[in-house]
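Asks: Quick one: this structure, given as structure tokens, is what I'll be asking you about.
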Amino acid sequence: MFSSNPTRPAPLPQLHGPSGLQPLIAAPVHPYAEFLGKVAKPGRYIGGEEQQRVKSPEGLACRFVLAFPDLYEVGMSHLGTRILYDLINNHADLACERAFSPWIDLEAELRARGLPLVSLESFTPLREFDVVGVSLQYELCYTNVLQNLDLGGIPLRSCDRGETDPIVIAGGPTATHPEPLTPFVDICLVGEAEEVLPGLLRTIGLMRRAGAARAEILAAASQVPGVYVPAFYYVERDERSELLVVAGRTPAGIAANAPERVTRVWVRNLDDFPFPTTFPVPYAEAIFDRAAVEITRGCTEGCRFCQAGIIYRPVRERDPKAILKAVLDGVDAAGFAETSLTALSTADVSCIDPLIKELVPELKRRKVKLGVASLRAYGLNDSLLDEIKSVGINGLTFAPEAGTQRMRDVINKNVSDEDILGSARRIFERGYERIKMYFIMGLPTETEADVIGIAETGRRVREVARELGMPRMPSVTVSVSQHVPKPHTPFQWAAMEGLQDLYGKVKMLRELAKRYRLELKTHNQQESWLECLFARGDRDMAEVLENAYKAGARFEGWRECFSFERWLKALADAGVDPNRYTRTLPLDGRLPWDHIDIGLEPGFLAEEYRKALKSRVSPPCGKPFGAKVHATNTVDAEADARRLVCYDCGIACDMSDMREERLVALRGLGELKGQRHGRERLETEAAEAAGPGAMISADSLRERSRLRGRLNPSQHADDSAFKAAAESPFCRVRVFFSKSGPMCFMGHLDLLRVIPRMLRRAGVETAFSRGFTPVPRMSFGPALALGVAAREEVAELDLLLPGAAEDMAGLWSEERRAAEATALHERLAAVAPPGLAIVAVRVVAPGERRIGELIAGADYSVAIGSEQASALATELPARMAGPLPIERAPKANKRGLRRATDGEHEVIDVRPRIVAAEVDVAAGILRFRLDMTQEPGADGSAKGVRPREVVQALCGAPVADHRVCRDQLLARVDGAYVGLRELVPVFNAMGERWRRDDVEVPAAEVVDGV
Ligand code: SF4
């Protein structure tokens, strides 16, 4: 169907002029634009996301940047980032921007060019903010804290910072034991930020604007509850623990009236701070790419290894109605395909069962999946499991933590073997395909039998599936990490198990997992060992940290970056014995985190530790005595007269309030349930009133030959939210869009998330694939290199438009299609993300060929500059008259390419692929048309010639991809190139010649076609 290439240059009558091209190539200019195309996942660094908030610096009291010490995709998944971003930006006089650690490749580029790390919102270097916030999620991120400061142009050590440098504030869970990091931060905020951080930022910002000295600002900050200014405290070595502990205040600390102990701050009522629903929507894929909502803080269970269970006490639940609103608003605003409810222990949330029952019907309507994190092996009643499954979740994860009952008693894990196996049975009976279980080894008092018990638990769960005779054996994954004794827990005094013993246990588990056919995942033992050093570390560890950072340590939680030898050397160079931090600590010794007051009664943790060593349990607090889960309805809850368990840990919960709040929440959900039933009844009545035949039914239309093969049954269960969307009549819609600015650095895979989100925000339903994993049905034109702008890209989407059955049957006129396209255009344009503009929409006539078959070429424009354009203009005819060889690095096994031998560059001739080329000297632009037919050139030339290779061949010099723009994609009709948008009249003129009902589309071009 494609004609061969012309051998002579041809004019380019349809190419676009330079005036429309320039803005796409040039704006907005990112400070890293010249090299972003060279680094992995540039979408991490470009900002400009939907729902990003950018404020003018004018009139602000404080500019704050949250510098997350890990990659964008990790930081953007973190709930704390979302909460802080919203909290601060909700104050008109405060601005919160974001920065994330650059991966190794970008760091090298920045260092090579002497460029600073900048924020995503305004591309401002970190050193120019008033305050830099550091979110400390776990200890292995500490080297990235230094990386962010260093690349941001801020002196590493607090004592080296000058009056113009920002104030560095650390917060997050490890700020409750911050000593190894204290020389590098100015302030630690201990506890929850909501009530104090805005005021603290305002104080700092206004004092800076008033010209206050750094010391004065720190003194003022130390008066804010929860603030720890390390420079105001001195340390000494404790004889018993042999660790450096805070022994008192420095003269400056006394003069500032800094508190002797710093007390954790926490929010009494979470509903005073509704969960944010408008957070920037990540372009680059986040680890958790969904609208996650925090439903509680704190936990009732009291697991003895768990720091979060202690430092987030007491348990506080959000109002279920507010949770429902946050979930649905978050999903609707961002267009996420998945949401999740987040809690330390979801099954122990008092309203979880009725809450999910209210939420699932709404999510089903939106085809949004629901993830439920941190489940226990109980509290999973049958209807709850059915509800979760119906919104597309095929696997569940829960955390028995230990493999024997004895060990679970030691750690105070309120789960039995019966819970685990009973839950597994009910999960498998419902057709779930995966169970994953988390375990910890190296716990205090652990024996070989306990380690074997981990694999045995996995084996018994697998046995349940076998007994049920499931057609396809589900996968059982056992994920095992090692215990790291954490400050502020009952196990803070326990030893970290030696590495050699841990290696032996992993080896044993591997053998057992192989025998029992379990999937085993383990966590790196050396990384856990390092985590222990920093968790229980003192200020001596600061030098170790700096040594390792200067030796290249980054991303210590990433296996490909971690170097055990580097850390051994850093320890040796600093003269620090690591055993000091990993051994058993004396109960009567002082510890490096003793000056941080979490709010516990003295002796509470030690008593729990003693009980652990005797395998004695402490049943959950805040629950009725003897209850495993909360009552799920008001009748049972009101009838339950059992007292709520409390150990008087020091937090001083009001048990009457706790009981009453739960009842109020249940009653509120009961009202919602009544309203939902009423709504559903009205909808049913309306449907019945409309009567049959209001629309031509799909069943009758199926009979028509045009639909044959298009409405096949799917593999989804009858109650699946995706079944109807996979089997319903649909319209095929071609959407033309331009890409500019940050959007140019979105990879092809990123677009696969961006487009469905846009459709969801517009309220446009997509058809879903019929396979086991439902995804929206859509296909795209050929992928662009990262950085390349586009005036006219194309996506082909199957959409469930009203009346689609008639369209499939060929009953829609061209006018009707045009009207639908206009309406769609308006809806999509209103919700298109920044940098993506809807150019045109076309409802494709049934049977028309798909874009994968139609695309035969493309026009490009490249900004090469006036000087180069001028030189090229005279030489272009001669260059186009002969071959244009370029060298290309060899690629393995790419079909259609000539292979060079390993290590050699391949020489290819790009000339046969250039249909025509011309230079606009005045605009400094080279324009050319490329043949993109799929067959390799008959003359041996390569297919898939890249625009930058054409520029290289014609100009003799490379060009960065962000100077390239694809103007339009072309089809070839009777030997002539036609823009895809201009196909309609051609199509109409040619009639049936362009129609096919059973088009086979090349797999590479279709994401998930029909
Ligand atoms: S005061 Fe009682 S109920 Fe509250 S967290 Fe402490 S032990 Fe639990």
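The values are calculated or read from the model by the stated rules, or taken from the named source; none is laboratory data. Keep in mind it's a predicted model, so treat the numbers as computed, not measured. Cβ atoms come from the backbone with ideal geometry, glycine included; neighbour counts cover every protein chain shown. Surface accessibility is based on the protein's heavy atoms, side chains included, excluding ligands, DNA and RNA. Shrake-Rupley method; radii C 1.70, N 1.55, O 1.52, S 1.80 Å.
Asks: List the equivalent ellipsoid semi-axes of the range 218-359 in whole Å, largest first, each obtained as the square root of 5λ for an eigenvalue λ of the Cα gyration tensor.
Replies: Value: 39, 19, 15 Å, ordered largest first.
Asks: Beyond a 19 Å Cα-Cα separation, which of these cross-linked pairs lie in this structure: Lys521/Lys614; Lys389/Lys723; Lys357/Lys413; Lys321/Lys723?
Replies: Lys521/Lys614; Lys357/Lys413; Lys321/Lys723
Asks: Over the range 584-648, what lengths in whole Å, largest first, do the semi-axes of the equivalent ellipsoid take, defined as the square roots of 5 times the eigenvalues of the alpha-carbon gyration tensor?
Replies: Equivalent ellipsoid of the range 584-648: 34, 14, 8 Å, largest first.
Asks: Here's something else I'd like to know. Grab the alpha carbons of the chain, take their convex hull, and tell me the volume per residue in Å³.
Replies: Value for the chain: 190 Å³ per residue.
Asks: Using a Förster distance of 41 Å, how high is the FRET efficiency between Ser383 and Lys514, based on the Cβ-Cβ distance and rounded to 0.05?
Replies: Calculated transfer efficiency: 0.65.
Asks: Take Ser615 and Leu468, extend 7 Å from each Cα along the Cα→Cβ direction, and tell me the distance between the two endpoints in nm.
Replies: Placing both labels 7 Å beyond Cα along the Cβ direction yields 3.1 nm.
Asks: Would you compute, from DSSP H runs of 4+ residues alone, the mean residue ellipticity of the chain at 222 nm, taking -39500 (n - 2.57) per run and dividing by the full residue count, rounded to the nearest 500?
Replies: -10500 deg cm²/dmol
Asks: I've got another one for you. Take the Cα atoms of the range 156-240, build their convex hull, and give its volume per residue in Å³.
Replies: Taking only Cα atoms, the range 156-240 has a hull volume of 103 Å³ per residue.
Asks: Write down the percent of antiparallel bridges among all DSSP beta bridges whose residues are both part of the chain, to the nearest 5.
Replies: If we restrict to bridges inside the chain, about 55 percent are antiparallel.
Asks: Counting only protein chains, not ligands or nucleic acids, how are Arg365, Arg972, Arg249 ordered by accessible area (probe 1.4 Å), most first?
Replies: Of Arg365, Arg972, Arg249, the descending order of accessible area is Arg365, Arg249, Arg972.
Asks: OK, next. For a Förster distance of 22 Å, can you work out the FRET efficiency between the beta-carbons of His677 and Arg430, rounded to the nearest 0.05?
Replies: 0.35
Asks: Let me ask something additional. Ignoring ligands, DNA and RNA, what accessible area per residue does the range 79-134 give at 1.4 Å, in Å²?
Replies: So the range 79-134 comes to 29 Å² accessible per residue, rounded to a whole number.
Asks: Here is a further query. By how many nm would the segment from Ser475 to Ser563 lengthen if fully extended, with 0.36 nm per residue of separation less the alpha-carbon distance?
Replies: Difference between extended and current length: 28.4 nm.
Asks: Oh, and also: So how exposed is Leu663, as accessible area in Å² (1.4 Å probe, rounded to 10)?
Replies: It works out to around 20 Å².
Asks: Here is a further query. Provide the solvent-accessible area of His30, counting protein heavy atoms only and rolling a 1.4 Å probe, rounded to the nearest 10 Å².
Replies: Surface open to solvent at His30 totals about 20 Å².
Asks: Starting from the Cα of Lys550, draw a straight line to each of the lysines and keep only those under 29 Å, dropping any in the same chain fewer than 8 residues away.
Replies: Of all the lysines, those that pass the test against Lys550 - Cα under 29 Å, at least 8 places apart if same chain - are Lys38, Lys41, Lys486, Lys569.
Asks: Quick one: length gained pulling Ala639 to Thr250 fully straight, 0.36 nm per residue minus the C-alpha distance?
Replies: 134.4 nm
Asks: Explain nothing, just the number: dipole magnitude of the chain about its Cα centre with +1 on each Lys and Arg Cβ and -1 on each Asp and Glu Cβ, in debye rounded to the nearest 20.
Replies: Charge dipole of the chain: 1760 debye, to the nearest 20.
Asks: Return the carbon/sulfur percentage of the accessible area of the chain, one whole number, probe 1.4 Å, all protein chains in place.
Replies: 52 percent
Asks: Once Rh for the range 308-351 is found with the Kirkwood sum over Cα pairs, what is the Stokes-Einstein diffusion coefficient at 25 °C and 0.890 mPa s, in µm²/s?
Replies: In µm²/s, the coefficient is 204.
Asks: Could you work out the Rg to Rh ratio of the range 380-445, with Rh taken as the Kirkwood radius (inverse of the mean 1/r over all Cα pairs)?
Replies: Looking at the range 380-445, the ratio lands at 1.04.
Asks: Also, quick follow-up: Heavy atoms only, 1.4 Å probe, whole protein assembly: order Thr397, Thr933 by accessible area, highest first.
Replies: Of Thr397, Thr933, the descending order of accessible area is Thr397, Thr933.
Asks: With Kirkwood's inverse mean 1/r over C-alpha pairs for Rh, give me the Rg to Rh ratio of the range 545-584, two decimals please.
Replies: Reported Rg/Rh, Kirkwood definition of Rh: 1.00.
Asks: A further question follows. State, to one decimal in nm², a quarter of the convex hull surface area for the C-alpha atoms of the range 310-411, i.e. the direction-averaged projected area.
Replies: Its Cα hull, projected and averaged over all orientations, spans 7.5 nm².
Asks: At Ala785 and Gln500, where each label point lies 7 Å from the Cα along Cα→Cβ, what is the point-to-point distance in nanometres?
Replies: Distance between the two pseudo-spin positions: 5.5 nm.
Asks: Please work out the Kirkwood hydrodynamic radius for the range 72-163, using every pair of different C-alpha atoms, and report it in angstroms with one decimal place.
Replies: Hydrodynamic radius (Kirkwood, Cα pairs) of the range 72-163 is 14.2 Å.
Asks: Same structure, new question: Among Val293, Thr277, Ser740, whose Cα lies farthest out toward the positive end of the dipole of the chain, if unit charges sit on the beta carbon of Lys, Arg (+1) and Asp, Glu (-1)?
Replies: Ser740
Asks: Using the beta-carbon distance between Tyr234 and Leu421 and R0 = 56 Å, what value does 1/(1 + (r/R0)^6) give for FRET efficiency, to the nearest 0.05?
Replies: 0.50
Asks: Here's something else I'd like to know. Give the ranking of Tyr609, Tyr438 by solvent-accessible surface, highest area first, calculated with a 1.4 Å probe.
Replies: Tyr438, Tyr609
Asks: Let me ask something else. Computed on alpha carbon atoms, what radius of gyration and Dmax characterise the range 478-520, expressed in Å?
Replies: 13.2, 39
Asks: Could you estimate the translational diffusion coefficient of the range 235-319 from the Stokes-Einstein equation, with Rh from the Kirkwood formula over C-alpha pairs, at 10 °C and 1.306 mPa s, in whole µm²/s?
Replies: 91 µm²/s
Asks: Sticking with this one: So how exposed is Glu601, as accessible area in Å² (1.4 Å probe, rounded to 10)?
Replies: In the full protein context, Glu601 sits at about 100 Å².
Asks: How big is D, in µm² s⁻¹, for the range 613-652 by Stokes-Einstein at 10 °C and 1.306 mPa s if Rh is the Kirkwood radius over C-alpha pairs?
Replies: Calculated translational D: 136 µm²/s.
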